[in-house]
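Reading through the structure tokens given below for one structure.
The values are calculated or read from the model by the stated rules, or taken from the named source; none is laboratory data. As the structure is a prediction and not an experimental result, all values here were calculated from the model. With ideal geometry, Cβ positions are generated from the backbone for all residues, glycine too; neighbour counts draw on all protein chains shown. What goes into the accessible areas is simple: the full protein's heavy atoms, side chains included, and nothing from ligands, DNA or RNA. Shrake-Rupley method; radii C 1.70, N 1.55, O 1.52, S 1.80 Å.
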Amino acid sequence: MFITVLYGDNEEILFNINCKVQLLLESMKNSCHYGNEGDVELADDSGQVKNLLDNQQRYANELLRERETCVLLAVTRPPDSSDVIFTPLLNDDTIVNSKFLAKLGNWGESKDSSRKTKSRKSNKKATVVISTSPEATGKQSTSSRKKPVKP
């Protein structure tokens, strides 16, 4: 049983999921050249976070589907905050697009993020997920599309 992990400049690598999640995450960090820079997580190709970090003592084949394709994410935890920020480590606009980022941004909402936290996050440029919050991008793109269409 294996999964395909997408990362870098359209790179991909296979990983065996018949192991504990903790070992899989460590192997991904090393094999994908992320090193000891922080934690990593996976999302499916639609942007749904797999929550492997919360289940490190479980077996990966319980959480991931065989032959699934996933995107490698960097995980950042700002100091003095319980927030988690995901940044895709894949440079491919066909996969990491606005829909992917919107779904990835919704992860925080499902984990009961507050509005105050979201507005504070949206000002950080280093965060791909938060700088393109679903509410902000939806309103901006809709209003900018309506204006040219009306005249």
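Can you name every residue in the stretch 16-32 that is hydrophobic (A, V, I, L, M, F, W, C) and touching a residue at least 40 places away in the same chain (Cβ under 8 Å)?
ILE17, CYS19, VAL21, MET28, CYS32
Have a look at ASN16, ASN30, ASN51 and point out the one that is within 22 Å of GLY105 (Cβ to Cβ) and polar (S, T, N, Q).
ASN51
Each row is one residue, and each column tells you yes or no for (1) hydrophobic (A, V, I, L, M, F, W, C); (2) at pLDDT below 95; (3) open to solvent by less than 10 Å² (accessible area, probe 1.4 Å).
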residue	(1), (2), (3)
MET28	yes, yes, yes
GLY35	no, yes, no
SER46	no, yes, no
ASN51	no, yes, no
THR76	no, yes, no
VAL84	yes, yes, no
ASN97	no, yes, no
LYS103	no, yes, no
SER114	no, yes, no
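Taking the stretch 33-81 only, how many residues are free of Cβ contacts under 8 Å to residues at least 60 places away in the same chain, assigned to a strand (DSSP E or B) and hydrophobic (A, V, I, L, M, F, W, C)?
6
Scan the stretch 10-17 and give yes if some residue there is aliphatic (A, V, I, L, M), open to solvent by less than 10 Å² (accessible area, probe 1.4 Å) and at pLDDT 90 or above, otherwise no.
Yes.
Among (1) surrounded by 13 or more Cβ atoms within 10 Å (Cβ to Cβ); (2) modelled with pLDDT under 50; (3) under 17 Å from the mean Cα position of the chain (by Cα), there is one condition SER110 misses while meeting the rest; what is its number?
It is condition (1) that SER110 fails.
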